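Trainee: Pasting in a structure now, in structure tokens, and then I'll have a few things to ask.
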Amino acid sequence: MTTGDVTASAVEVAFAGALSKSQLAYDYLRDRIARHELSPGYRLVLQGIADELAMSVVPVREAIRRLEAEGLVTYERNIGARVAMVDENGYVDAMQALGVVEGAATGLSARAISTADLQRATEVNDHLRSLLDHFDPHAFTALNRQFHSVLFESCPNQLLLDMVHRGWAQLSGLRDSTFAFVPGRAHASVAEHAHILDLITREADPLEIEIAARNHRWATMRAFLDARADAAPPRQTPHRETR
């Protein structure tokens, strides 16, 4: 092996090590954001995170850049990196659009879903139901996506299916788990899943299935908006002096 080969090998090893540390920092931060251990607006101090993970700030900085590109972190001048606040307008737009396209894709998929897939969706929904007593929003969200994927992945319209995938990806960027904000919504969500499965099993009209799937998505959106409204501080009425 030549000196050049040894040098190249050393560079590759160092690069691989830096890459793995960056991935470790990324996974660590993304998971904590998803679980809301790092709440919206939380300041991400590079050195503090690096100390927690026993690494330099370089891979932490790279991880934060990735999270910023995904919309999970924002960077403010003279302040630094913060966990992104929920973009309410962006969330509503994404949920409304996803409700339309996912509802249509689910309706078109209904006749093509196999008995085995229906059984798998039922088992996933049963698993979701089992999480309700000891609620974990991150685990619930992951299973929720599995459930819906079974129902829309058989859509014969590839363009529509691509739009559904983009919608899910966009919502993941806005916030990994809506159920962390509205955990009470999970009970109703499981019941609505069972209703949609019943419609598909009974070979109901595809339009009825489409509307049920769309309303299910929009009900989550409304629950989120209601929770945000309840959490907002009351508006102060200006005091007027009487003369």
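The values are calculated or read from the model by the stated rules, or taken from the named source; none is laboratory data. Everything quoted here is computed from the prediction, not taken from an experiment. Using ideal geometry, Cβ is built from the backbone for each residue, glycine included, and neighbour counts are taken over all protein chains shown. For the accessible areas, the whole protein counts, side chains as well, though only heavy atoms, and no ligand, DNA or RNA atoms are used. Shrake-Rupley method; radii C 1.70, N 1.55, O 1.52, S 1.80 Å.
Trainee: Assess whether Asp87 counts as being under 27 Å from Ala212 (Cα atoms), in contact (Cβ under 8 Å) with a residue 12 or more places away in the chain and within 15 Å of the chain's Cα centre (by Cα).
Mentor: yes
Trainee: Related question: Have a look at Ile49, Ile33, Ile64 and point out the one that is part of a helix (DSSP H, G or I) and modelled with pLDDT under 85.
Mentor: Ile33
Trainee: Moving to a separate point now. I need the full set of residues from the stretch 105-135 which are more than 22 Å from the chain's Cα centre (by Cα), loosely packed, with under 15 Cβ neighbours inside 10 Å and not in a loop (DSSP other than H, G, I, E, B), in order please.
Mentor: Listed by number, the residues that qualify are Arg111, Ala112, Thr115, Ala116, Gln119.
Trainee: Tell me, which residue of the stretch 198-207 that is in contact (Cβ under 8 Å) with a residue 24 or more places away in the chain and open to solvent by 50 Å² or more (accessible area, probe 1.4 Å) is nearest to Gly103 (Cα to Cα)?
Mentor: Within the stretch 198-207, the match that is nearest to Gly103 (Cα to Cα) is Leu207.
Trainee: Which pairs have Cβ atoms under 6 Å, sit 6 or more apart or on different chains, and link a residue in the stretch 96-120 that is over 15 Å from His148 (Cβ atoms) to one that is open to solvent by 50 Å² or more (accessible area, probe 1.4 Å) and at pLDDT below 95?
Mentor: none
Trainee: Further question: Which one of the conditions (1) touching a Gly at 6+ places or on another chain (Cβ under 6 Å); (2) not in a helix (DSSP H, G or I) does Ala81 fail to meet, given that it meets all the rest?
Mentor: If we test Ala81 against (1) touching a Gly at 6+ places or on another chain (Cβ under 6 Å); (2) not in a helix (DSSP H, G or I), just (1) comes out false.
Trainee: Check Glu70, Glu76 and return the single one that is acidic (Asp, Glu), more than 15 Å from the chain's Cα centre (by Cα) and at pLDDT below 95.
Mentor: When all the criteria are applied, what remains is Glu76.
Trainee: Here is a check on your reading of the model: is Val58 touching a residue at least 40 places away in the same chain (Cβ under 8 Å) and within 25 Å of Ala227 (Cα to Cα)?
Mentor: no
Trainee: Also, I was wondering about something else. Can you tell me which of (1) in contact (Cβ under 8 Å) with a residue 12 or more places away in the chain; (2) not in a helix (DSSP H, G or I) is the one Tyr75 doesn't meet?
Mentor: Exception for Tyr75: condition (1).
Trainee: Let me ask something else. Go through Tyr75, Tyr91 for me and flag whichever is hydroxyl-bearing (Ser, Thr, Tyr), touching a helix residue (DSSP H, G or I) at 6+ places or on another chain (Cβ under 7 Å) and loosely packed, with under 14 Cβ neighbours inside 10 Å.
Mentor: Just a single option satisfies the conditions, and that option is Tyr75.
Trainee: A follow-up question, please. If Val100 passes every condition in (1) in contact with a Lys or Arg (Cβ under 7 Å, 6 or more places away or on another chain); (2) modelled with pLDDT of 95 or more; (3) open to solvent by less than 10 Å² (accessible area, probe 1.4 Å) but one, which one does it miss?
Mentor: (3)
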